[in-house]
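The values are calculated or read from the model by the stated rules, or taken from the named source; none is laboratory data. Keep in mind that this is a model prediction, so the values were computed, not measured. Note: ideal-geometry Cβ built from the backbone for every residue, glycine included; neighbour counts use all protein chains shown.
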Amino acid sequence: MTTPLFPQDTIAAIATPPGQGGIAIIRVSGPGALDVAERVFRPGRGHVRHFRGYTLHYGTLIDPHDASTLDDGLLAIFRAPRSYTGEDMAELSCHGGQAVTARVLQAALDAGARLANPGEFTLRAFLNGRMDLAQAEAVCDLIRARTEASRRLARHQLEGHLSQALQHIREELIGILAAIEVTIDFSDEVGELDYTALETRIQRTRQHIEHLLATADRGRILREGLRVTLAGRPNVGKSSLLNALLRAERAIVTSVPGTTRDVIEESAQLNGILMVLTDTAGLRETDDVVERIGVHRTRETIARSDIILFVYDATAGWTAEDHATLNSILACQEAPEWLLIRNKCDLLPDPLPRAQPDPPALPARPLHHISVSARTGEGLSDLEQALCAYARTTSPDSVVIANARHQQALQQAHNSLTHALHTTQQQLPGDFIAIDVRGALDAVGQITGETVTEEIIHRIFQDFCVGK
Ligand SMILES: Nc1nc2c(ncn2[C@@H]2O[C@H](COP(=O)(O)OP(=O)(O)OP(=O)(O)O)[C@@H](O)[C@H]2O)c(=O)[nH]1
Ligand SMILES: [Mg+2]
């Protein structure tokens, strides 16, 4: 069931994570927030309804039915519109035990509040104009951020930098629309539509959208992690390398070729960047049914990766099978970037210089060719550095598109403008062009929330945690 937009009731939820902790916070928001606070909190001094915004008070948390003491704690008051949600708000802190917290929440509900839905506080902040939709989404990203890069990215978006860039695009589009409409309405006074000038303006705005769209892949990497897949022939040491990168014995390693049959996925943080590392079944033609399924999954995984670590065995050198296997990977549509990894270097008679010549006749150039030993750890830091450098090409402190929803909406805006450009070049009447420009405007507005549907809003806030 969905709540209606612009609700008038008062909501409450536990804002701190479940479990035991030093303190817990129960948040109350809505027109009746201070009434609820008055019924469940007896201040040491003064009256709740006289408390000003941004003040903190010590007192007793009580059961509104019989005034029995539940705990002692603090009450923080925020008054509309200067609060997170833009409504009157009360935050009750108590001892962070599960029973205490549940009991204080129940007291707030008994005093007239309703249990908040996931993300409902932030939804109200959005509806009350405290933030736009892209900023509200950044709140969720910030809470979820597990790495320094994703934290910085979310903060940047929360501060409104993406919103500003989009606002700029919206203003350009509105300007274009106005220029078209004035010639429709007042052609006698302003003359005919200047198609050449219009074409230049549309092209320029479309380019701004293109610049933003070009950041989408890297943005996603910062937000969700770099998808790294280990691939190569059987027995070259892919699973050993996965374990070495994770510094944990995650995948089974044996000297039997074809050991790994399933896709193994683990996350690791390298220098503040999330890496989603995937070990795969060695690629080869096989009659073994299980291994064949493994090989099929390997190919699917490769197609979803950002970067491939193509591993070969230094003792065997670059073989015809390596060549064929790599070829088959690069042949898939949208072959990802790849690093060539020469493993088992500890077995070579002489310690090798770090940069060796490429093996003969590679089908394509890798980003790097790195010698490592999964056994001794030699060369691993070079590999890690190369991965981080790849992920870092975008700064989390720049305007980037990191969210699939935003990417889709921008793509839609881009398509509409491409269409508008065609109709302009054909010198069709202004109304025709205006339809597409308006389409682009709507699409951009979906990101910040100006033109978004209720359904999308509910879908976005569903993913939030309760209490935020
Ligand atoms: N000396 C040495 N042996 C290694 C190194 N890396 C892997 N090995 C050995 O090579 C064999 C195969 O290693 P795995 O990690 O299972 O290789 P894999 O590529 O995952 O093999 P499949 O899962 O069968 O495709 C094992 O006996 C490992 O101990 C290395 O850097 N040095
Ligand atoms: Mg393996």
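Observations
- Pick from the stretch 20-48, criterion under 30 Å from the mean Cα position of the chain (by Cα) and not in a strand (DSSP E or B), ranking: nearest to residue 84 (Cα to Cα): 30
- Tallying residues that are among the β-branched types (Val, Ile, Thr) and at pLDDT 95 or above within the stretch 197-227 yields 4.
- Conditions (1) touching a residue at least 24 places away in the same chain (Cβ under 8 Å); (2) assigned to a helix (DSSP H, G or I); number of the one not met by residue 259: (2)
- For the stretch 240-256, filtering for residues that are assigned to a loop (DSSP other than H, G, I, E, B) and more than 8 Å from ligand 1 (Cβ to nearest atom) leaves 4.
- Of the residues making up the stretch 97-119, those that are in contact with a strand residue (DSSP E or B) (Cβ under 7 Å, 6 or more places away or on another chain), under 16 Å from residue 37 (Cα atoms) and part of a helix (DSSP H, G or I) are 101, 103, 104, 105, 107, 108, 109.
- Residues that are modelled with pLDDT under 90 and within 11 Å of ligand 2 (Cβ to nearest atom) occur in the stretch 269-281; there is at least one.
- Residue, nearest to ligand 2 (Cβ to nearest atom), within the stretch 209-223, restricted to residues that are in a helix (DSSP H, G or I) and surrounded by fewer than 19 Cβ atoms within 10 Å (Cβ to Cβ): 217
- All positions within the stretch 262-301 that are within 14 Å of ligand 1 (Cβ to nearest atom), touching a residue at least 40 places away in the same chain (Cβ under 8 Å), in a loop (DSSP other than H, G, I, E, B) and of a type outside the set (Gly, Ala, Ser): 280, 283, 284
- For the stretch 147-190, the tally of residues that are touching a strand residue (DSSP E or B) at 6+ places or on another chain (Cβ under 6 Å) and not in a helix (DSSP H, G or I) stands at 1.
- Look at the stretch 214-225: where a residue is among the polar types (S, T, N, Q) and a partner is surrounded by fewer than 22 Cβ atoms within 10 Å (Cβ to Cβ) and outside any helix (DSSP H, G or I), sitting 6+ places away or on another chain with Cβ atoms under 7 Å, you get 215/394.
- Taken over the stretch 81-96, the criterion of being touching a residue at least 40 places away in the same chain (Cβ under 8 Å) and part of a loop (DSSP other than H, G, I, E, B) is satisfied by 81, 83, 84, 85, 86, 87, 88.
- Residues considered: 255, 239. Of these, the only one that is surrounded by fewer than 20 Cβ atoms within 10 Å (Cβ to Cβ) and within 12 Å of ligand 2 (Cβ to nearest atom) is 255.
- Lone qualifier among 171, 189, 137 - being among the charged types (D, E, K, R), surrounded by fewer than 19 Cβ atoms within 10 Å (Cβ to Cβ) and either within 16 Å of ligand 2 (Cβ to nearest atom) or within 31 Å of the chain's Cα centre (by Cα) (or both): 171
- Residue within the stretch 115-133 that is assigned by TED's automatic domain parsing to the domain that holds residue 65, touching a Pro at 6+ places or on another chain (Cβ under 6 Å) and of a type outside the set (D, E, K, R) present: no
- Residue pairs meeting the criteria (Cβ under 6 Å; at least 6 apart or on separate chains; first within 13 Å of residue 326 (Cα to Cα) and surrounded by fewer than 17 Cβ atoms within 10 Å (Cβ to Cβ), in the stretch 358-370; second of a type in the set (S, T, N, Q) and modelled with pLDDT of 75 or more): 363/327
- Residues in the stretch 49-63 that are assigned to a strand (DSSP E or B) and of a type in the set (Phe, Trp, Tyr): 58 only.
- Taking the criterion of being more than 19 Å from the chain's Cα centre (by Cα) and buried (at least 19 other Cβ atoms within 10 Å of the Cβ), the only residue of the stretch 453-468 that qualifies is 467.
- Single residue of 125, 134, 145 found to be among the aliphatic types (A, V, I, L, M), at pLDDT below 95 and within 30 Å of residue 15 (Cβ to Cβ): 145
- Candidates in the stretch 224-239 are the residues that are part of a strand (DSSP E or B) and within 12 Å of residue 343 (Cβ to Cβ); of these, the one that is nearest to the chain's Cα centre (by Cα) is 230.
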